[in-house]
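Student: Pasting a structure here, questions to come.
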Amino acid sequence: MAQTALNLGDNTPKPTFGVFRWWRNWVRPRATNRDEAFRESTIRVTVAILLTATILSFLASLPFFDLQGGLVSYPMLTLLAAVLTLASGIAVARHALNTAGRFLVLTFIVAASGITIIDGYWASLVLPMYMLVVLITALVLPRSSLLPISWVSIILFGVIAVLQEDAGRQLKILIEEEIVVAATDVIINVAFLVTIQALFLRQLRIEFDSRLAAMSESVQQAEQAKQEADRANRAKSEFLAGMSHEFRTPLNAIIGYVDIMLSGMAGAFSEKQTQLQTHIKHNASRLLGMINDTLDMAKIEANRLEMHLSQFSPEEELRQIAESMKSLTDKKQIELNVLTLPDLPPVVTGDLQKTQQIFTNLLGNAIKFTSQGGVAVYIGRKDAERWMFKVVDTGIGIPEEAFDQIFEMFQRVEQGSAKYEGTGLGLAISKRLVDFLGGEISVMSRQRAGSTFTVILPCEVKEPELVSW
């Protein structure tokens with residue numbers, strides 16, 4: 001289903017998909033530091049919007065609005081802003097954030113000054129433009145630049161306003177209307193508002209930077225703690241992997257001696273003694289199984305897995321394992337069927353021991369959690385390069401929210417499974433062995449309706465490089 005949807009999307013591309021893809025790629029920051037990433041993203045978005053707006057404004061100003069060009073005119077102002085914005089875009093593309101930010105701030109200063117010169121210092125758009133200069137400075141430059149640029153903007157505005165005051169008076173006399181405010185009053189208002197805005201934004205930047213520094217320190221401490229935990233975990237895994245022989249040998253000896261006594265080779269025992277010996281063997285075997293699982297996982301975590309490739313028949317090997325576990329299903333009075341699909345490869349190349357371990361874990365789980373119905377195994381070909389097997393049961397099932405959890409170490413779905421023995425490592429080991437062999441494992445299940453585990457393996461496993469989890 002997912003593949004079909006993907007193909008439909010590929011076959012019917014939208015005309016604007018390329019534009020959206022370019023936009024997403026352009027605005028995506030390349031910096032890894034969060035502060036720099038925020039500034040870079042702001043610069044990239046502003047550059048894209050501003051460059052588009054200035055170019056369109058320049059192209060439309062002459063034919064549509066009949067604005068005459070000149071050294072001091074709106075067409076020249078938009079052209080200069082476009083050039084400065086383009087310079088900012090080139091700088092940010094080369095990862096020069098401070099240079100890109102300076103060009104962008106200069107663009108807004110030039111725009112504010114140009115509007116002041118063209119429309120006059122008393123124009124309603126002048127104050128918002130200078131306040132925009134302060135805002136963009138707070139967003140794209142370090143906070144140390146905020147007050148200096150604000151003061152430069154105020155001084156620049158003051159100079160322009162003083163030079164324009166006489167022209168304003170003449171305009172007032174010419175049209176005989178009270179439209180001109182004294183330059184001093186306007187300068188004081190602009191200076192006050194811009195300075196207050198700069199101080200507020202600077203305080204916000206200080207707070208933002210302090211929180212970002214605290215967050216970065218917390219992340220760094222968490223990363224250090226994680227590294228220390230990983231080192232401790234690797235040391236534990238190395239120890240357990242190295243002690244596998246020392247753990248297994250005494251238990252195997254105990255089981256061996258009990259087998260000798262149960263066989264009668266050590267003499268006759270009473271019925272009670274034989275019963276106790278049977279309990280010893282049963283519990284020792286359980287303990288050995290749990291130790292084996294734990295040591296296998298430790299060996300995986302310590303990267304001590306080795307590949308032993310050979311050619312084998314999937315049908316023959318899996319059927320033998322299923323036959324060896326038939327006594328378990330007979331004891332529970334449930335069915336066990338193995339079905340071979342006609343396209344199954346007769347021979348594959350892989351690690352037979354690990355493949356057997358994966359299948360044994362999955363089949364053992366299916367039998368353990370099934371009390372009515374039965375278990376079915378399907379063996380077949382997935383595609384030209386992969387074969388697969390499925391283990392289907394009619395057992396207690398798994399809730400959907402636990403699908404990922406069951407492949408983690410020591411994780412068990414408590415609801416309905418607490419009464420079953422086990423370490424909770426079988427599926428985790430199987431998952432890691434499947435990954436090691438270059439395959440895939442998946443599960444489909446419903447509570448009280450059974451489970452289906454599917455394993456897909458390459459028909460020819462290749463020797464892997466160092467694998468770590």
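The values are calculated or read from the model by the stated rules, or taken from the named source; none is laboratory data. In this text the structure is predicted, and so the values were computed from the model without any measurement. Ideal geometry is used to build each Cβ from the backbone, glycine not excepted, and the neighbour counts take in all protein chains shown.
Student: Quick one: ALA31 ticks every box in (1) surrounded by fewer than 16 Cβ atoms within 10 Å (Cβ to Cβ); (2) assigned to a loop (DSSP other than H, G, I, E, B); (3) out of contact with any Leu (no Cβ under 8 Å at 6 or more places or on another chain); (4) modelled with pLDDT of 80 or more except a single one, so which number is it?
Tutor: Result: ALA31 fails condition (3) only.
Student: Here's a follow-up. Is there any pair linking a residue in segment 316-337 that is more than 12 Å from LYS368 (Cα to Cα) to one that is at pLDDT 90 or above and assigned to a helix (DSSP H, G or I), with Cβ under 6 Å and at least six apart or on different chains, and which?
Tutor: Short answer, once both residue conditions are applied: LEU318/PHE359; ILE321/PHE359.
Student: Could you say which residue among SER210, SER237, SER244 is hydroxyl-bearing (Ser, Thr, Tyr), more than 23 Å from the chain's Cα centre (by Cα) and modelled with pLDDT of 85 or more?
Tutor: Just one listed residue meets the conditions, SER210.
Student: Would you mind stating whether ALA366 is among the aliphatic types (A, V, I, L, M), part of a helix (DSSP H, G or I), at negative phi and surrounded by 15 or more Cβ atoms within 10 Å (Cβ to Cβ)?
Tutor: Spelling it out, ALA366 is indeed among the aliphatic types (A, V, I, L, M), part of a helix (DSSP H, G or I), at negative phi and surrounded by 15 or more Cβ atoms within 10 Å (Cβ to Cβ).
Student: In segment 110-132, what count of residues is obtained for those that are farther than 18 Å from SER73 by Cβ and in contact (Cβ under 8 Å) with a residue 40 or more places away in the chain?
Tutor: 4
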